[in-house]
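Report on the following structure.
Any read-out appearing in this document is the output of simple, stated calculations on the displayed coordinates, not a laboratory observation. If you're wondering where the values come from, they're calculated on a predicted model, not measured in any experiment. Glycine gets a Cβ as well: all are built from the backbone with ideal geometry, and neighbour counts include every protein chain shown.
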Amino acid sequence: MTRNSAWIALLGLAALTACSGGSDTGKAKGADGSAITVGFSQVGAESEWRTANTRSVKEALAEPAFHLKFSDGQQKQENQIKALRSFIAQHVDVIAFSPVVETGWDTVLREAKAAGIPVVLTDRAVQVPDDSLYVTLIGSDFVEEGRRAARWLIGDSAGRNGAIRVVELQGTVGSAPANDRMRGFREVIGQDARFEVVRSQSGDFTRARGKEVMEAFIKAEGKKKIDVLFAHNDDMAIGAIQAIEEAGLKPGEDIRIVSIDGVRGAFEAMKAGKLNATVECNPLLGPQLARLIHDVHAGTAVPKRVVVEEGVFTRDQAAAELPNRKY
Ligand code: AHR
């Protein structure tokens with residue numbers, strides 16, 4: 001049993017014990033004497049990563065320790081704001097959410113604060129003038145992920161002379177992972193004069209858009225060679241692979257591809273030789289999120305930022321690593 005699952009089991013046991021001690025609500029009890037009601041607003045279901053993240057959150061925030069009110073924002077900020085307001089109106093104990101974009105949350109977060117409801121950010125950050133509007137953020141270091149992709153590319157380009165022309169598929173415009181991955185990638189690539197990002201456009205983190213935008217890149221570049229694709233997530237890379245094949249080119253060979261997430265689909269593509277590397281972004285945040293919510297609700301001090309540990313995987317590791325992938 002891992003530390004996380006042991007903790008969840010303990011929490012469940014504590015809740016069950018408290019429940020058998022005379023609850024008349026029928027709900028189990030958390031550490032402070034009642035089940036913790038959590039309002040969770042998810043970004044949407046745009047990627048393999050997101051599906052795994054939703055599953056992890058739902059499993060970890062399950063009865064009897066938690067009572068989860070889950071809302072799917074369908075990648076629209078207005079839907080998420082509506083959900084947060086509804087959670088406030090329902091007086092949930094804790095609000096947790098993964099913000100689709102970074103800006104535009106001040107008003108609703110002030111409303112949550114005024115109602116005395118603590119907010120835990122998960123996965124993505126917000127830009128607010130007052131960081132007391134949320135208690136903590138648990139998620140990946142997206143800037144570092146962009147740097148890792150660039151470092152892999154520089155390593156893989158050893159011995160290559162001349163210009164290396166890169167196209168970039170960005171994630172959702174205005175989202176923390178798109179902003180940060182772009183920044184981290186450029187920070188590192190900018191130190192090597194061979195690399196030039198010749199085209200960069202959003203594919204909204206989806207396969208369908210990744211394919212469409214890659215088709216447009218290939219068409220726009222015409223006879224000019226695209227050497228590398230950097231995709232902000234695996235789903236867009238997988239869509240782009242289709243576009244590259246349909247254009248009569250070999251993904252992974254004619255165009256080297258590095259993307260981010262490390263989902264099973266990426267490992268399958270690497271095994272088939274069509275994707276060169278993926279930078280891990282772990283979506284299985286549920287158990288850690290549950291522990292944070294528990295602590296926040298209990299009034300225990302928590303760190304302002306909890307970063308998830310992650311690695312980088314390449315084609316030669318894909319076959320061995322594939323059976324171990326949990327998402
Ligand atoms: O916020 C994490 C990002 O969101 C993942 O990299 C991407 O696949 C998802 O849609």
- Message: Taking loop as defined by DSSP and a crowding limit of 13 other beta carbons within 10 Å, which trypsin sites (Lys or Arg not before Pro) in the stretch 248-327 fit?
- Response: Lys304, Lys326
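Provide the FRET efficiency to the nearest 0.05 for the Ser200-Arg110 pair, computing r from the beta carbons and using R0 = 45 Å. Write down the numbers at each step before the final one.
Numbers: r = 34 Å, r/R0 = 0.77.
After rounding to 0.05, the efficiency reads 0.85.
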- Of all DSSP beta bridges in the chain, antiparallel share, percent nearest 5: 5 percent
- Report, ordered by chain and residue number, the lysines lying within cross-link reach of Lys224, taken as a straight Cα distance under 22 Å and ignoring same-chain residues fewer than 8 apart. Lys211, Lys250, Lys274
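Which of Val43, Val312 has the fewest other C-beta atoms within 10 Å, and how do the rest follow up to the most?
Details: Val43 28, Val312 18.
Final ranking by Cβ density, sparse to dense: Val312, Val43.
Set the bar at 31 Å for Cα to Cα. Now go through Lys58/Lys219; Lys223/Lys326; Lys76/Lys113 and name every pair that lies beyond it. Write out the running numbers ahead of the final one.
Working: Lys58/Lys219 42 Å; Lys223/Lys326 41 Å; Lys76/Lys113 22 Å.
Check vs 31 Å cut-off fails for Lys58/Lys219; Lys223/Lys326.
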- Using only Cα atoms, find the angle between the long axis of helix 286-298 and the longest principal axis of the chain, and express it within 0 to 90 degrees, rounded to the nearest 10. 40 degrees
- Helix 48-60: inclination vs the chain longest Cα principal axis, degrees, rounded to 10, gives 20 degrees
- Starting from one equal scatterer on each C-alpha and no solvent at all, send me the Debye-based log10 I(q)/I(0) for the stretch 154-266 at q = 0.17, 0.18, 0.24 Å⁻¹, two decimals. -0.77, -0.87, -1.49
- Query: Asp316 versus Thr103, label points 7 Å from Cα toward the beta carbon: distance in nm?
  - Reply: 4.5 nm
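Neighbouring Cβ atoms within 10 Å as the yardstick, rank Glu280, Glu187 fewest first. Walk me through the numbers before you get to the answer.
Numbers: Glu280 20, Glu187 13.
With the fewest neighbours first, Glu280, Glu187 line up as Glu187, Glu280.
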- Message: Can you compute the helix-only [θ] at 222 nm over the chain? Use -39500 (n - 2.57) per DSSP H run of at least 4 residues, normalise by all residues, nearest 500 deg cm²/dmol.
- Response: -13500 deg cm²/dmol
- Message: Give me, ordered by chain and number, the residues 5 or more places off Glu280 or on other chains with an amide H under 5 Å from its own placed amide H.
- Response: Asp261, Gly311, Val312, Phe313
- Item | Separation in nanometres of the label points that stand 7 Å from Cα toward Cβ, at Lys326 and Ala272 | 2.7 nm
- Would you calculate the separation in nanometres between label points at Lys69 and His91, each defined as 7 Å from the Cα along the Cα-to-beta-carbon direction? 1.2 nm
- What length, rounded to one decimal in nm, is gained on full extension from Asp192 through to Val173, with 0.36 nm per residue of separation minus their alpha-carbon distance? 4.2 nm
- Query: How do Ser157, Ser98 line up, fewest other C-beta atoms within 10 Å first?
  - Reply: Ser157, Ser98
- Task: Could you name the aspartates and glutamates whose alpha carbon sits less than 14 Å from that of Lys304, not counting residues in the same chain fewer than 8 places away?
- Result: Asp123, Asp130, Asp131, Asp141, Asp295
- Under 1.5 on a/c is rounded, so check that first for the stretch 45-110, then, if it is not, pick prolate when a/b is larger than b/c and oblate when it is not; a ≥ b ≥ c are the square roots of the alpha carbon gyration tensor eigenvalues. oblate
